[in-house]
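Every number here is computed from the coordinates shown, using simple stated rules; none is lab data. It should be emphasised that the depicted structure is a prediction, and the values quoted were computed from it without experimental measurement. Every residue, glycine as well, gets a Cβ built from its backbone with ideal geometry; the counts of neighbours run over all protein chains shown.
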Amino acid sequence: MAELARTLPASWYCSSPLYQLERRAVFLKSWYLIGPVVRFLDVDEKVSFEIAQRQIYAIRVSAATEFPGKDDLKVFDASTGDPLPSHVTPTGLLFAALSPSAPSFHEFFPDLEQLLAKVDFTKRPWRRSIKYEGNFNWKTMVDGYQECLHCQYTHPSFSVYYPPTFYTVYNHQNFSQHVADPKKPDDGLFLYFFPICTLNVYGGGMSSFRVCPTEDPGVTRMEFDYYHLEEGAKFEEYFQFTRQVAMEDFELCEKAQTNLERGVYGEGILNPEKESGVAYYQERVFDLVRQQFEEERDKHEAQGDSSGTDSAHTSRMVKIEA
Ligand SMILES: [Fe+2]
């Protein structure tokens, strides 16, 4: 029997040194969905983001066509003014990385664009964006997004449309596709992009959220962007429905984090079928953190430097799982 995946230990949800290691190991080496190109229609308007304490902005620099293409959109580091790696997909999504040291877009997401080709992302205009903080670690929210065992209990209204019985998650390199009913693979597009972005397209609506870590590992800023074919009452109805689901998840995450911080929960085995999305992304986090830790330890040792308290602390935690 294959070995069952275990969750990350609770300490990984509560430790500042571990989060600093995640910043270097995961966040500075990843790509982020910044938004559909329709979010950036106005020339010279800076749309700002903060991801893992890096301030960045996206800007439309030219308007040769109705919707901005790859030459019209640029992403910059707001602190240095330096350009950052960015990519516009053929059907209209802007992605960016936080550092030139990140792998290329196609190395990071080798099989993403063929899936994105099914949707024209210029069709649904941007309607609204909101953000707020919650008392949970960024992984507490991603854990919940990556499985639907909690859906029937937590989301009674959502479960009417998407019965969790058939819910399946397909894991690809650095992204997961959620399919509510495998018999209807074209019924909406629900994607998680490692590490912190999601995209949810169904009917006339589309939403995207970013699970932005703050410096406090127990606090996360949720950022949502909403798009819809229609404005007015139709949009408001869609907005209220998605807000209801988001607030149900928010409440669940704050309670789960309380258990993680109080030592109620240590770690456990993941369901290989129903929690494969959680197992996939947690393994990516663990592998990248361990790799970073080993590289930094080797560098310190080569320099004869044994003073790194961060390394000593994370060493103990990495050993828990290694
Ligand atoms: Fe949920």
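Here are a few things to note about the model shown:
- A single member of GLY69, GLY35 is within 17 Å of the chain's Cα centre (by Cα), touching a residue at least 24 places away in the same chain (Cβ under 8 Å) and closer than 23 Å to GLU113 by Cβ, and it is GLY35.
- Test: residue in the range 19-32 that is without any contact (Cβ under 8 Å) to a residue 60 or more places away in the chain and in contact with a helix residue (DSSP H, G or I) (Cβ under 8 Å, 6 or more places away or on another chain): no
- Residue in the range 180-194 that is over 23 Å from PRO125 (Cβ atoms), within 16 Å of the ligand (Cβ to nearest atom) and either touching a Pro at 6+ places or on another chain (Cβ under 7 Å) or not in a strand (DSSP E or B) (or both) present: yes
- Single residue of the range 139-176 satisfying the filter (in contact (Cβ under 8 Å) with a residue 24 or more places away in the chain and in a strand (DSSP E or B)) that is surrounded by the fewest Cβ atoms within 10 Å (Cβ to Cβ): HIS172
- Residue identified as more than 16 Å from the ligand (Cβ to nearest atom), buried (at least 17 other Cβ atoms within 10 Å of the Cβ) and without any contact (Cβ under 8 Å) to a residue 60 or more places away in the chain among TYR226, TYR238: TYR238
- In the range 243-251, the condition of being under 25 Å from ALA5 (Cβ atoms), touching a residue at least 40 places away in the same chain (Cβ under 8 Å) and touching a strand residue (DSSP E or B) at 6+ places or on another chain (Cβ under 8 Å) is met by no residue.
- Filtered residues of the range 119-164 (kept if over 25 Å from TYR281 (Cβ atoms) and either of a type in the set (S, T, N, Q) or under 16 Å from the mean Cα position of the chain (by Cα) (or both)): THR122, SER157
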